[in-house]
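One structure, pasted below without further comment.
Just so it is clear, none of the values below were taken in a lab; they were calculated from the coordinates. Bear in mind that the values here come from a model prediction, so they are computed numbers and not experimental data. For neighbour counting, all protein chains shown are included, and Cβ atoms are generated from backbone atoms with ideal geometry for every residue, glycine included.
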Amino acid sequence: MKKVRWLALLIFLLLLASAGAFAAWLADDWRTPYKAAPGEVLVHVPRGTSAGQVLEALSAQGLVRSRLSLKVAYAFHGRPRNLKAGTYRFDGPLTPLQVIDKLNRGEVTYAKVTIPEGLRIEEVAEILAENGLGRKEALLALARRGRLVNDLDPEAHSLEGYLFPETYLFDPGLGEEAILKALLAGFREWWQKRAPEAVAHRPVRDVVTLASLVEKETAAPRERGDIAGVFANRLRLRMPLQTDPTIIYAQIIAGDYRGRLTRDDWTYPSPYNTYLHAGRPPGPICSPGAASLEAALRPAPTRYLYFVSRNDGTHAFSRTLEEHNRAVARFQRPGGGGRPRDPGR
């Protein structure tokens, strides 16, 4: 009987010693940064992911020394209710407690990206990809189909014109389709707020196409309304728009653009060529910003039919061809400024 008591005591002491050693090991591991961890680890946590799945993912990325230590630490210090969906960025080396603290605080990371006005879908996809927001090829494959915007524009064969220029905060873990939908949501929001009365009698495609021409013709805010007015007047009179950016766009998408236009390009064979074809081009040639959209929606009530570059970022506007020819002679020919970028030669 005495031997049994001694054996039980020995087992108890061994367990106590083991527990003490395990506790000491945990305490040391919890306060020691894991120096062998990668420099940066991104872990995406989809909505509905359990804490256990997140801890497994962190361990698999090599962020901590011991999966067991991390799980025990989370059992004591983690707050599962605070676990927020999103992408977490971990810059090692970190201790398990530091990792858990970031999860407890829901410290998800966002990628800030600005989409400037006047870009084609290829240029937008490149900016997104450069900022780690999807693969360029996958983005382009989606953007070259109109499916995501066909509810607004049934004729759209791509997302050209509808990827709204703005500064966005994105979860880096989002897929390509979700990212493009966010850019489209920017346009939808503008359209619903600024153009409710236009929906019934002006197709969104007409407004966006005209706005894309305004966007490409001027960067001067005070001119946008007048340029939209010139285009509106020409459309009303069934005059060709004769705007160079449509030829440039046609050549770019065909891989023919050489960096400048010559007189020969006025006959470039494309439905986008507004010298050869009257009316609007088949669709937008870029994504216009809010100011150009506003100008296209509500053109200035002007009688101008022509404009020509002053070579300083602004344009001279004319009502008649005679006035326009004088402006061309003044601003383009004497200084050797090249061909005028204006409708109506």
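Per residue Cα convex hull volume for segment 29-104, in cubic angstrom?
Spread over its residues, the Cα hull of segment 29-104 gives 70 Å³ apiece.
Please work out the ratio of the alpha-carbon Rg of the chain to 2.2 N^0.38 Å and round it to two decimals.
Dividing the Cα Rg of the chain by 2.2 N^0.38 Å gives 1.53.
With a sphere of radius 12 Å drawn around the Cβ of ASN82, what net charge do the other residues whose Cβ falls strictly inside it have (Lys, Arg +1; Asp, Glu -1)?
Here the count lands on +3.
Further question: Along its principal axes, what span do the Cα atoms of segment 204-331 show, with the longest given first and each in whole Å?
Answer, in whole Å and largest first: 36, 36, 28 Å.
Could you calculate the FRET efficiency of PHE76 with LEU169 from 1/(1 + (r/R0)^6), where r is the beta carbon distance between them and R0 is 41 Å, rounded to 0.05?
Efficiency, from the Cβ-Cβ distance: 0.75.
Could you pull out the pairs from LYS71/LYS102; LYS84/LYS136; LYS71/LYS112 whose alpha carbons sit more than 24 Å apart here?
Violating the 24 Å limit, Cα to Cα: LYS84/LYS136; LYS71/LYS112.
Shifting gears a bit: Select from the chain the helices, each a whole stretch of DSSP H, whose alpha-carbon atoms run 30 Å or more along the helix axis and whose Kyte-Doolittle mean is at least -1.0; answer none if there are none.
Helices meeting the criterion: 2-30.
Rounded to the nearest 0.05, what FRET efficiency is calculated for ASP91 and ALA300 with R0 set to 56 Å and r the Cβ-Cβ distance?
Calculated value: 0.60.
For the chain, what does -39500 (n - 2.57) per DSSP helix run (n ≥ 4), summed and divided by total residues, give at 222 nm, in deg cm²/dmol to the nearest 500?
Estimated from H runs of four or more residues: -14000 deg cm²/dmol.
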